[in-house]
Amino acid sequence: MQSTIHPTAVIGQSAILGEGVTVGPFTVIEDDVEIGDGTIIWPHVHIASGARIGCDCKIHSGAVLANEPQDLKFSGEKTLLYVGDRTVIRECVTLNRGTKASGKTVIGSDNLFMAYSHVGHDCVIGNHVVVANCVPFGGHCVVGDYVVIGGLAAVHQFVRIGRFSMLGGLSRITLDVPPFIMASGNETFRYEGLNAIGLKRRGFTSEKITLIKDAYRILFQSGLLLANGLEKVKSELPQEPEILEILDFFASGVHGRKFVKPFKN
């Protein structure tokens, strides 16, 4: 399939465009860019050097991809931005490439970034993630698969968000969020319960959901200190993959980041 490139678009000589790529008017694609088959790029998009875009993505007007990191320590080193297949990037989204800390920002496949959202340098975003309007991620964030983040929430640098979690709009996300839960809050970011509807939609059985709920009842609603709660989960609940994932998340915290606050009675 032949690519369609508007005559007003500016394409770098070393840019590599796959088959069936569409490039709209006044879009700029710099050198050292790779774009996969079937990707559609709307007018007035800027894709800077270091972008590696997958197949069948949709990049809407005003988006800026792989521009320099907003990091005072950045000194012009060559770094990359990876975007997986079938990811939708809506209007005025900004995705920065990495710094020398990791050399890359990585975004998976089948994601939706709504208008004006931002992913900072060295972030790692999983697959099937939905990011609503105006959500910024600081640098070095790690986001698991199937996460949903409501509009106008802000994610602090180095925060980790576990798989299948759902975070409320307008939240101030300064704490690590373990998998499978809902959390929200501006003044105090708190656990709000299990993401039960999301888990059902993704094929989790009732037995699995009950087991996960039991784990978080111990961790966030029993009144136990977190360390004691983790020991209780480890000793009293079946060590199914979901329980091991929860335990591993709490065990693998870095940079002194604390975890979302317990349930508010």
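The values are calculated or read from the model by the stated rules, or taken from the named source; none is laboratory data. As the structure is a computational prediction, the values presented were derived from the model and not from experiment. All Cβ positions, glycine included, derive from the backbone under ideal geometry; neighbour counts span all protein chains shown. The protein model used for the area step is the full one, side chains on, heavy atoms only, and it has no ligands, DNA or RNA in it. Shrake-Rupley method; radii C 1.70, N 1.55, O 1.52, S 1.80 Å.
Mind checking the angle between helix 241-251 and the chain's longest principal axis? C-alpha axes, 0 to 90 degrees, to the nearest 10.
With both axes taken from Cα atoms, the answer is about 90 degrees.
Round to the nearest 10 and give me the degree value, 0 to 90, for the angle of helix 226-236's Cα axis relative to the longest principal axis of the chain.
Once rounded, one gets 70 degrees.
From Cα pairs below 8 angstrom and at least 6 apart in sequence, can you work out the relative contact order of region 1-150, rounded to a whole percent?
RCO, region 1-150: 14 percent.
Taking only protein heavy atoms into account and a 1.4 Å probe, give the accessible area per residue of the chain in Å².
Values: 12390 Å² over 265 residues.
With the other protein chains kept in place, the chain gives 47 Å² per residue.
For a label point 7 angstrom out from the Cα of residue 188 toward its Cβ, which stretches of region 143-175 have the backbone nitrogen within less than 19 Å?
Counting backbone N atoms under 19 Å from the label point, the list is 168-175.
Do the alpha carbons of any pairs in 58/258; 58/208; 100/258; 234/258; 208/264 sit beyond 31 Å of each other, and which pairs?
Where the Cα-Cα span goes over 31 Å, the pairs concerned are 58/258; 58/208.
What are the principal axis extents of the Cα atoms in the chain, in Å, biggest first?
64, 40, 29
Using 11 Å as the cut-off for backbone N distance, which residues of region 173-198 belong to the label zone defined by a point 7 Å from the Cα of residue 261 along Cα→Cβ?
184-191
Quick one: compute the contact order of region 107-204, relative version, from alpha carbon pairs under 8 angstrom and 6+ residues apart, as a percent.
Relative contact order, region 107-204: 17 percent.
Over region 49-155, one equal point on each Cα, no solvent: what is log10 I(q)/I(0) by the Debye formula at q = 0.10, 0.21 Å⁻¹?
Normalising to I(0) and taking log10 leaves -0.22, -1.05.
Near residue 78, which aspartates and glutamates are there with a Cα under 16 Å away, not counting those fewer than 8 places off in the same chain?
30, 31, 32, 34, 68, 122
Provide the gained length on full extension for the span residue 170 to residue 4, in nm with one decimal, where the gain is 0.36 nm per separating residue minus the Cα-Cα distance.
55.8 nm
Quick check on the chain: helices-only [θ] at 222 nm, where DSSP H runs of length 4 and up contribute -39,500 (n - 2.57) each and the sum goes over total residues. Nearest 500, please.
Helix-only estimate at 222 nm: -5000 deg cm²/dmol.
Mind checking the full-extension length gain between residue 210 and residue 28? Use 0.36 nm per residue of separation minus the Cα-Cα distance, one decimal, nm.
60.4 nm
Once the Cα atoms of helix 206-221 and of the chain are each reduced to a long axis, what angle between those two axes, in degrees from 0 to 90 to the nearest 10, is obtained?
With rounding to tens, the tilt is 70 degrees.
If you average the sequence gap of Cα pairs under 8 Å that are 6 or more apart and divide by the length of the chain, what percent do you get for the contact order?
Relative contact order here is 9 percent.
I'd like the projected area of region 199-252, averaged over all directions, using the convex hull of its alpha carbons. Report it in nm² with one decimal.
Averaging across all directions leaves 3.8 nm² for the Cα convex hull.
Of the accessible area of the chain, with the probe set at 1.4 angstrom, what percent is carbon plus sulfur?
55
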